[in-house]
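The values are calculated or read from the model by the stated rules, or taken from the named source; none is laboratory data. All values reported here derive from a predicted model rather than from experimental measurement. Virtual Cβ from ideal backbone geometry, glycine too; neighbours counted across all protein chains shown. Ligands, DNA and RNA are excluded from the accessible area calculation, which covers all protein heavy atoms including side chains. Shrake-Rupley method; radii C 1.70, N 1.55, O 1.52, S 1.80 Å.
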Amino acid sequence: MPLLRHEPQGGIRSLDELLGIALALEQEAVRRYTQLAALMERRGETDTVTTFRALIAEEQDHVQAVDGWAHRLGRPAPDAPAFLWRLPPELAASWEELTERTRLTPYQALSLAVVNEQRAFAFYSYIAAAAPDEPVRTHAEALAREELRHAALLRRERRKAYRRERGRAEHKPTRADTPAELERLSVALLSATAAEHGALAARLLALGDGDGAALLTRIAHEERALIPSGSDAAAQVAVPDTAPSCLRAAVAASERLAEAFGDVAAQATDELVLTESLRLQEAVVGHLALLAERIEATG
């Protein structure tokens with residue numbers, strides 16, 4: 001599971017367990033999307049509020065559906081709080097990292113939601129693969145497909161938010177149809193972005209922002225480590241004259257990178273391409289979180 005660091009805790013061996021976990025996951029999604037909708041509403045981001053409210057309504061329908069599912073199967077209503085500890089810890093950690101410590105833009109809020117829907121998909125997919133019997137496997141697969149549908153919806157909305165924030169009227173999605181094409185694309189994109197972040201780090205150091213320089217140096221190092229072939233390319237990069245402008249430029253570079261890998265994932269028909277592009281996108285979204293925190297700290 002590239003989106004999750006650990007296997008589901010304890011294994012899922014019965015429909016009762018799967019029902020409890022599904023209800024806990026849906027209720028947690030309702031709570032988090034409600035937080036994001038309220039945050040975006042306070043900032044006047046009406047388009048993003050509409051997206052999250054639609055997801056809240058759908059997740060609430062899913063909560064009712066799980067209860068109905070249990071009733072039809074002759075099972076007791078699940079005790080969702082008793083299953084919270086079995087949800088992937090990456091979900092809660094990523095929500096807290098962004099919603100409590102940074103000022104989210106619509107793009108960042110939607111990026112976070114995309115990654116967590118993909119984590120839920122990976123979670124259910126693992127449960128299905130390890131299921132001991134057909135009913136658990138079948139229902140886990142259905143839940144996984146639903147999470148993937150949500151992720152696709154959120155990716156479309158995220159692209160709209162990106163274009164609004166960057167003032168771009170048109171956007172040609174990045175494609176990579178085979179693992180070889182994705183590898184070539186990754187080398188080019190990661191090398192260029194790492195070079196840009198490295199140049200911005202040097203500029204920040206010259207401007208006296210040692211902490212900002214250290215962060216961008218770290219991000220550039222991690223980007224180079226993601227390059228499949230281990231190669232790197234030199235690049236001439238124009239850098240801004242002020243520390244705040246350097247940080248904004250660093251965010252823009254990471255957003256372009258996240259958008260490119262998101263485009264690849266959204267159009268992928270090859271499982272290896274989908275898995276790898278999602279892994280790369282998740283790493284870049286983590287960098288965006290760190291940059292947003294740095295900008296918040298410097299005002």
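Any idea what log10 I(q)/I(0) is at q = 0.07, 0.10, 0.14, 0.15 Å⁻¹ for the chain, Debye with uniform C-alpha scatterers and no solvent?
-0.29, -0.58, -1.07, -1.19
So what's Rg/Rh here for the stretch 117-188, counting alpha carbon atoms and using the Kirkwood radius for Rh?
My calculation puts Rg/Rh at 1.15.
Please provide three numbers in whole Å: the alpha-carbon extents of the stretch 113-158 along the principal axes, with the largest listed first.
37, 13, 9
I'd like the FRET efficiency for residue 46 and residue 133, computed as 1/(1 + (r/R0)^6) with the beta carbon distance as r and R0 of 45 Å, rounded to 0.05.
0.45
Can you give the convex hull volume of the alpha carbon atoms of the stretch 244-299 per residue, in Å³?
Residue-normalised Cα hull volume stands at 51 Å³.
What's the extension gain from residue 57 to residue 152 if we count 0.36 nm per residue and subtract their Cα-Cα distance?
Length difference between fully extended and current span is 32.5 nm.
At 20 Å minimum axial length over the Cα atoms and a Kyte-Doolittle cut of 0.0, report the qualifying DSSP H helices in the chain, or say none.
In the chain, the long hydrophobic H runs are 15-42, 106-130, 179-206, 243-267, 271-298.
Given the rule -39500 (n - 2.57) for each run of at least 4 DSSP H residues, summed and divided by the residues of the chain, what is its mean residue ellipticity at 222 nm, to the nearest 500 deg cm²/dmol?
-26500 deg cm²/dmol
Pairs of alpha-carbon atoms within less than 8 angstrom and 6+ residues apart define the contacts here; what relative contact order does the chain have, in percent? List each step's numbers first, then the result.
Working: 367 pairs, mean separation 55.0, N = 299.
RCO, the chain: 18 percent.
What accessible area per residue, rounded to a whole number of Å², is obtained for the chain using a probe radius of 1.4 Å?
Working: 13760 Å² over 299 residues.
That works out to 46 Å² for each residue.
With each pseudo-label sitting 7 Å past Cα toward Cβ, what's the residue 211-residue 297 distance in nm, one decimal?
Here the modelled spin labels are 0.4 nm apart.
Could you sort 173-183, 120-130, 198-208, 268-278 so that the peptide with the highest average Cβ count within 10 Å comes first and the rest follow in order? Working shown, then result.
Values: 173-183: 15.7, 120-130: 21.1, 198-208: 19.0, 268-278: 17.4.
Peptide ranking by packing, descending: 120-130, 198-208, 268-278, 173-183.
In Å, the Kirkwood hydrodynamic radius of the stretch 33-78 over pairs of distinct alpha carbons? Each step should come with its number before you reach the end.
Working: mean 1/r = 0.0843 Å⁻¹.
Final number for the Kirkwood radius of the stretch 33-78 is 11.9 Å.
Given N residues in the stretch 184-299, what is its alpha carbon radius of gyration divided by 2.2 N^0.38 Å?
1.06
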